[in-house]
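Before any comments, here is the structure.
The values are calculated or read from the model by the stated rules, or taken from the named source; none is laboratory data. If you're wondering where the values come from, they're calculated on a predicted model, not measured in any experiment. Positions of Cβ are backbone-derived with ideal geometry, glycine not excepted, and every protein chain shown enters the neighbour counts. Note: areas computed on protein heavy atoms with side chains; ligands, DNA, RNA excluded. Shrake-Rupley method; radii C 1.70, N 1.55, O 1.52, S 1.80 Å.
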Amino acid sequence: MSPAAWLPRTRPSRLDTYVYGVIGLAFAALLYMLLAQLPADLQLPHLNVLVFAALLVVGESQPIVISRGDDDLDEVTIASIFIMALVVLGPAWLLLLAQVCAVTFDDVRRRKNLKRLLFNNAQLVLSGLATRAVFCLMTGRSFAGDDAPMSVREVLPALASGALFFVLNNGLTGVVVALALAKPVVPHLRDDVRFQLSTSGVLLAFAPVVIVATDFSLLLVPLMMLPIFAVHRSAKLAAERERQALHDGLTGLPNRLMLQERTGRALDEGARNGSSTAVLLIDLDHFKEINDTLGHYVGDQLLTQVANRLRESLREGDTVARLGGDEFAILACDLGSQADAEQVARRVVAGLMQPFSIDGVRLDVQASVGIALSPDHGDDVSTLMQRADVALYSAKEHRGTFAFYSPEGDLHSVEKLALLGELREGISAGQLVVHYQPKCDAGSGGLVGLEALVRWQHPVRGLVFPDDFVPIAENTGLIGALTLEVLDQALAMARALRDAGQPLGVAVNISVRCLTDLELPRQVAGLLGRWGVPPELLTLEVTETSIMVDPTRTMTVLGLLRDLGVSLSIDDFGTGYSSLAYLKRLEANELKIDKSFVFAMTQNSNDAVIVRSTIELGHNLGLRLVAEGVEDAETWAMLKALGCDVIQGYHLSRPLDGAALRRWISDYQRPLATVTPLPA
Ligand code: C2E
Ligand code: MG
Ligand code: MG
């Protein structure tokens, strides 16, 4: 049997003492063999014994990989049958030679290091020799070897020594694995023996049958091999099936089932030793767009690369799993505190922030991570998973970040989830209505355009404002439908106004999610055509941060939109982050100073400075400047004095529904304020 895989990691002193002890003992035994036993008998053994030796070597190199119900893979080889055959029939030197050849050949092929090679040889030499010695004691055979075939009397001793070999072989390797993994030795051995009993134990019991049969005729060897091959094959298939049931086909990562199993075990372990276990749910922020626009091949490649990066960011003993789609999870065990979990999350977020490259194409992906931690957030698997989901939901509201579970977020999210379900229906039931807010020339006060602002006429809740449902739509696939609906209504309004002799431009807000959608330009063109509205009358408002989320893709989409002839406006300027280089490359037409600076600019000199510099900057970049949030005549006057081009705000009008807007336009005869120049 092949020694299980083991890695020298912790407690080198105890481990080394054990490893070198076993190696030393094996050397002593070999020396004794050489000096005392070998010269006695070196004649060539029978052909069937040589065949066993050859099969031993071949068998060792063809292990059966067996899953232990988890990612722990173990190996069983059919070589143990032939080891037992040689133990029984001898001679001892051939047993030794065959074992050493088999192990050395196999370990060299697998590039194991010298220490492991020596240990693996040593443990097998010791197990084989000790078993041979005991068998000889029981049967009275000579230790060095004799030619006699196995008799019926020897079947029971053969089985008994098979059991001894099983205990020695598994015991010696079990201890080294336990020491290397710093696990308690006795429970590990117990687990190991229980598992091996049903696999290699059964093979050992088969050995006497093989010996007797080949003694009858060597021609039976191929026949005997048939059932062994059948076992070999079905064990392999079973292991493969088990693997498939517990792993994701694309990335090879553990799947949800296995994650749950492991989380359960980690929680038990944590309850015993007082450590925390964290479940981190990871969701890629732009995966859907990539998959939709670049195709499944690229999507699959990306997922595989993401899986590899997540694997790399893991600590020893942690698990990364793919739960489906673009959702991954990490199980982090043995944590001391929340800060440890945070560290894992930071590593994940930072790791995924680096651009990916697929067939030379650069892709930027960001991840949101939701974290739930035992025992604070739950002490069973399903609670923890569910709460990590809630945490993920709040993390997604602030892309590229992570969030821990919090009960407030939970309440919030239950309501939001309910809203999400209703929004889906609401959009198709035509419950979205668009309100319009006038934009006027700062100098003359003349009406220059409208901003379309969506509202949701909810059958029970009444009028719901965009801040309460646009973020939900953005985190799901709904934002696309929402945007198209608003564009459709806004262009219908532009058309109606033009027909009524009021050719006013209309601005529509475009969310970041839509800006990465290569379909958008085609859809916009379609709607412009449908309503017969010239592209100059449509402005698309995008926030500066949304451009920076994925500049390459956003710039492509915005470029296509510009080619249509529509205007671009940079919304909420000053609240996010952007790069002047991109602002310039964007070739936008308009910059909207965020209302938070405008509200208090007459009172707060800092705000006034920001507004003034923004106007200067915008003008230097050749942009038209719009100030939103103008609530009084004084602010308007100040903006006018600073050279701002357009104003928008409650002072002129709140956003109005279609009918109210028409009334407002016909009532709006003259500027609402006269300009008072700024004191010099
Ligand atoms: P925004 O694009 O910056 O729109 C301006 C917001 O400021 C509007 O809020 C408007 O009602 C409000 N506002 C305008 N003047 C004043 C003022 O003088 N004082 C105050 N306090 N507020 C003023 P609203 O309609 O609630 O929209 C909020 C945000 O929701 C918008 O900010 C925009 O980012 C988003 N949004 C609205 N409609 C849509 C849409 O159709 N699609 C997308 N993706 N986002 C939308
Ligand atoms: Mg806007
Ligand atoms: Mg704004």
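A few comments on the model shown:
- Neighbours by Cβ (under 7 Å, 6+ apart or cross-chain): first from the stretch 447-475, without any contact (Cβ under 8 Å) to a residue 12 or more places away in the chain; second outside any strand (DSSP E or B): none
- Applying the set (1) farther than 22 Å from Val611 by Cα; (2) away from ligand 1 (no atom under 16 Å from the Cβ) to Gln523 leaves exactly one unmet item: (2).
- Number of positions in the stretch 462-472 that are more than 16 Å from ligand 3 (Cβ to nearest atom), open to solvent by 50 Å² or more (accessible area, probe 1.4 Å) and in a helix (DSSP H, G or I): 1
- Which listed residue is in contact (Cβ under 8 Å) with a residue 40 or more places away in the chain and not assigned by TED's automatic domain parsing to the domain that holds Thr293, from Thr614, Thr543, Thr602, Thr575: Thr614
Let's see how each residue does on (1) touching a residue at least 60 places away in the same chain (Cβ under 8 Å); (2) assigned to a strand (DSSP E or B); (3) surrounded by fewer than 17 Cβ atoms within 10 Å (Cβ to Cβ):
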residue: Asp300; (1), (2), (3): no, no, yes
residue: Gln305; (1), (2), (3): no, no, no
residue: Val320; (1), (2), (3): yes, yes, no
residue: Leu323; (1), (2), (3): yes, yes, no
residue: Ala329; (1), (2), (3): yes, yes, no
residue: Ala345; (1), (2), (3): yes, no, no
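- Within the stretch 614-665, being of a type in the set (Gly, Ala, Ser) and more than 17 Å from Ala507 (Cα to Cα) holds for Gly618, Gly622, Ala633, Ala637, Ala641, Gly643, Ala659, Ala660.
Conditions (1) open to solvent by less than 10 Å² (accessible area, probe 1.4 Å); (2) in contact (Cβ under 8 Å) with a residue 12 or more places away in the chain; (3) more than 21 Å from Ala205 (Cβ to Cβ), marked per residue:
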{"site": "Trp93", "(1), (2), (3)": "no, yes, yes"}
{"site": "Ala98", "(1), (2), (3)": "yes, yes, no"}
{"site": "Val103", "(1), (2), (3)": "yes, yes, yes"}
{"site": "Asp106", "(1), (2), (3)": "yes, yes, yes"}
{"site": "Leu114", "(1), (2), (3)": "no, no, yes"}
{"site": "Asn120", "(1), (2), (3)": "yes, yes, yes"}
{"site": "Leu124", "(1), (2), (3)": "yes, yes, no"}
{"site": "Gly128", "(1), (2), (3)": "yes, yes, no"}
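- Qualifying residue in the stretch 508-526 (condition: modelled with pLDDT under 95, in contact with a Ser or Thr (Cβ under 9 Å, 6 or more places away or on another chain) and farther than 27 Å from Asp594 by Cβ): yes
- The sole residue among Leu314, Leu281 that is in the same structural domain as Tyr393 (by TED's automatic domain parsing), closer than 29 Å to Val381 by Cβ, modelled with pLDDT under 90 and within 18 Å of the chain's Cα centre (by Cα) is Leu314.
- Qualifying residue in the stretch 473-485 (condition: surrounded by 22 or more Cβ atoms within 10 Å (Cβ to Cβ), more than 11 Å from ligand 1 (Cβ to nearest atom) and assigned by TED's automatic domain parsing to the domain that holds Arg424): no
- Within the stretch 428-461, tally of residues that are open to solvent by 20 Å² or more (accessible area, probe 1.4 Å) and either away from ligand 1 (no atom under 12 Å from the Cβ) or of a type in the set (Ser, Thr, Tyr) (or both): 14
- Inside the stretch 201-220, residues that are more than 50 Å from the chain's Cα centre (by Cα) and among the aliphatic types (A, V, I, L, M) make up a count of 7.
- Of all residues in the stretch 493-509 being of a type in the set (A, V, I, L, M) and in contact with a strand residue (DSSP E or B) (Cβ under 9 Å, 6 or more places away or on another chain), the one that is nearest to ligand 1 (Cβ to nearest atom): Val508
- Residue within the stretch 546-553 that is more than 16 Å from ligand 3 (Cβ to nearest atom), part of a helix (DSSP H, G or I), in contact (Cβ under 8 Å) with a residue 12 or more places away in the chain and open to solvent by less than 30 Å² (accessible area, probe 1.4 Å) present: yes
- Restricting the stretch 567-586 to residues that are surrounded by fewer than 14 Cβ atoms within 10 Å (Cβ to Cβ) and assigned to a loop (DSSP other than H, G, I, E, B) leaves a set whose member that is farthest from ligand 1 (Cβ to nearest atom) is Ser579.
- Of all residues in the stretch 554-565, those satisfying the criterion of being in contact (Cβ under 8 Å) with a residue 12 or more places away in the chain and either assigned to a helix (DSSP H, G or I) or within 39 Å of the chain's Cα centre (by Cα) (or both) are Thr554, Met555, Thr556, Val557, Leu558, Leu560, Leu561, Arg562, Asp563, Leu564.
- Scan the stretch 350-381 for residues that are in a helix (DSSP H, G or I), in contact (Cβ under 8 Å) with a residue 40 or more places away in the chain and exposed (fewer than 14 other Cβ atoms within 10 Å of the Cβ) and the total you get is 1.
- Complete set of residues in the stretch 382-391 that are open to solvent by 10 Å² or more (accessible area, probe 1.4 Å) and not small (Gly, Ala, Ser): Thr383, Met385, Gln386, Arg387, Asp389, Val390
So that you can scan it fast, the table gives a plain yes or no per residue for (1) in a strand (DSSP E or B); (2) touching a helix residue (DSSP H, G or I) at 6+ places or on another chain (Cβ under 7 Å); (3) open to solvent by 50 Å² or more (accessible area, probe 1.4 Å):
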{"residue": "Gln603", "(1), (2), (3)": "no, no, yes"}
{"residue": "Val611", "(1), (2), (3)": "no, yes, no"}
{"residue": "Leu625", "(1), (2), (3)": "yes, yes, no"}
{"residue": "Leu652", "(1), (2), (3)": "no, no, no"}
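- Residue under evaluation Leu137, criteria (1) more than 23 Å from Gln196 (Cβ to Cβ); (2) touching a helix residue (DSSP H, G or I) at 6+ places or on another chain (Cβ under 8 Å), criterion not met: (2)
- Given (1) under 30 Å from Pro521 (Cβ atoms); (2) buried (at least 23 other Cβ atoms within 10 Å of the Cβ); (3) of a type outside the set (Phe, Trp, Tyr); (4) more than 16 Å from ligand 2 (Cβ to nearest atom), number of the condition Leu564 does not satisfy: (2)
- Boolean, Ala500 is more than 16 Å from ligand 3 (Cβ to nearest atom), open to solvent by 60 Å² or more (accessible area, probe 1.4 Å) and small (Gly, Ala, Ser): yes
- Matching residues, the stretch 345-371, being within 16 Å of Asp283 (Cβ to Cβ) and β-branched (Val, Ile, Thr): Val348, Val349, Val365, Val369, Ile371
- Flag for Ala637 being hydrophobic (A, V, I, L, M, F, W, C), outside the structural domain of Arg362 (by TED's automatic domain parsing) and within 16 Å of ligand 3 (Cβ to nearest atom): no
- Checklist (1) out of contact with any helix residue (DSSP H, G or I) (no Cβ under 8 Å at 6 or more places or on another chain); (2) surrounded by fewer than 18 Cβ atoms within 10 Å (Cβ to Cβ); (3) under 19 Å from Pro466 (Cα atoms) applied to Gly658, failing item: (1)
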